[in-house]
Amino acid sequence: MAVVIVAAVAIFFVLGHEKIESQVAQRVTALPKKNVNPVSPQKHAQVVQQANKQASWDMAAVKPISLTTLADAALHRNDYSALGELYSTDLGMKMNIYAGVGNTVLNLGAGTLKQNDVMGQENYALAGHNMDDGRTFFSPVYTAAVRKKLKGKVIAVTDWHQVYHYRVIAHRFVPARSLYLADNTLNTQKQPILTLFTCDWTGRGRLYVQATLAWTTAYRA
């Protein structure tokens, strides 16, 4: 009986801790208006260039999300300029896009996997955390994939000038070393794609999602 009680208390605290982390993450990822300023294409290009210089590209150095990492990101979020925004009405997700895959960046939103990526061109590749709660970071993508309801969903990215709408055509679970799937190829020159990576529930593998560019619209605030 004592063992059952201890186990029940442990489960309560674990679930409570995860719920708190999820709630904090949703607050941290709320779009920081200070860094979301639609500017001229020329100015935006300068913002991207400067952000790329400061970014980390080492996926091996990414740490699991925690209340500590979220608190640190909240304190430093105004030190980072958003490059754009990712959203999906189909999946109920919305977050800023930042340069690189540094720990602070990935606690703020989605991060780019390659320095020279351009929205709407070739293979635009992004990474994001999965909190497995169905609503935070890339969790909606993961949940839809597990439920086999991801194919056909539309995911958009915008640089606040154009909006690039991609439709999911495939997803699969891959080893952590499979980041080569973010590379540009001859096929992506002809058909631009959006690639998303997020951790599986074990934290040791990754969910890989591929979506093709379906249409482009002008951005409206």
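The values are calculated or read from the model by the stated rules, or taken from the named source; none is laboratory data. Keep in mind the model is a prediction, meaning the values are calculated, not measured. The area values use the complete protein model at the heavy-atom level, side chains included, leaving out ligands, DNA and RNA. Shrake-Rupley method; radii C 1.70, N 1.55, O 1.52, S 1.80 Å.
Taking θ = phi - 60°, what integer Hz values does the Karplus form 6.51 cos²θ - 1.76 cosθ + 1.60 yield along segment 205-221, in sequence order, with x for Gly and Pro?
Each residue's phi maps through the Karplus curve to give x, 9, 8, 10, 10, 10, 10, 9, 5, 9, 7, 10, 10, 6, 6, 10, 5 Hz.
Rg over Rh of segment 49-88, using C-alpha atoms and the Kirkwood radius, what does it come to?
0.99
Multiply the residue separation of Ala45 and Arg204 by 0.36 nm, subtract the distance between their alpha-carbon atoms, and state the gained length in nm to one decimal.
Difference between extended and current length: 53.8 nm.
Compute the length gained on full extension between Lys63 and Lys19: take 0.36 nm times their separation in residues and subtract their Cα-Cα distance, giving the result in nm to one decimal.
Stretched fully, the Lys63-Lys19 segment lengthens by 13.9 nm.
State the volume of the convex hull built on the alpha-carbon positions of segment 44-115, expressed per residue in Å³ and rounded to an integer.
Considering the Cα atoms of segment 44-115, their hull volume per residue is 103 Å³.
Just to check, using Stokes-Einstein with a Kirkwood Rh over alpha carbon pairs, what's the diffusion coefficient of the chain at 20 °C and 1.002 mPa s in µm²/s?
Here the translational diffusion coefficient equals 120 µm²/s.
Return the sequence-ordered ³J(HN,Hα) values of segment 90-105 in whole Hz as given by the Karplus equation 6.51 cos²θ - 1.76 cosθ + 1.60 applied to θ = phi - 60°, using x for Gly and Pro.
In residue order, the calculated couplings are 4, 9, x, 9, 7, 6, 6, 10, 10, 7, x, 10, x, 4, 5, 4 Hz.
Given C-alpha coordinates of segment 100-146, what is the ratio Rg to Rh with the Kirkwood estimate of Rh?
Radius of gyration over Kirkwood radius for segment 100-146 works out to 1.02.
Please tell me which of these pairs span more than 32 angstrom C-alpha to C-alpha: Lys19/Lys148; Lys53/Lys149; Lys114/Lys149; Lys151/Lys190?
Lys53/Lys149
If amide H atoms are built 1.01 Å from N in the plane of the peptide, which residues on other chains or at least 5 residues away come under 5 Å of the amide H of Asp200?
Gly205, Arg206, Leu207
Give me, ordered by chain and number, the residues 5 or more places off Trp57 or on other chains with an amide H under 5 Å from its own placed amide H.
Val101
Can you put Phe138, Phe173 in order of accessible area, largest first, using a 1.4 Å probe?
Sorted descending by solvent-accessible area, the residues read Phe173, Phe138.
Any idea what angle helix 41-54 forms with the longest principal axis of the chain, computed on alpha-carbon atoms, 0 to 90 degrees, nearest 10?
50
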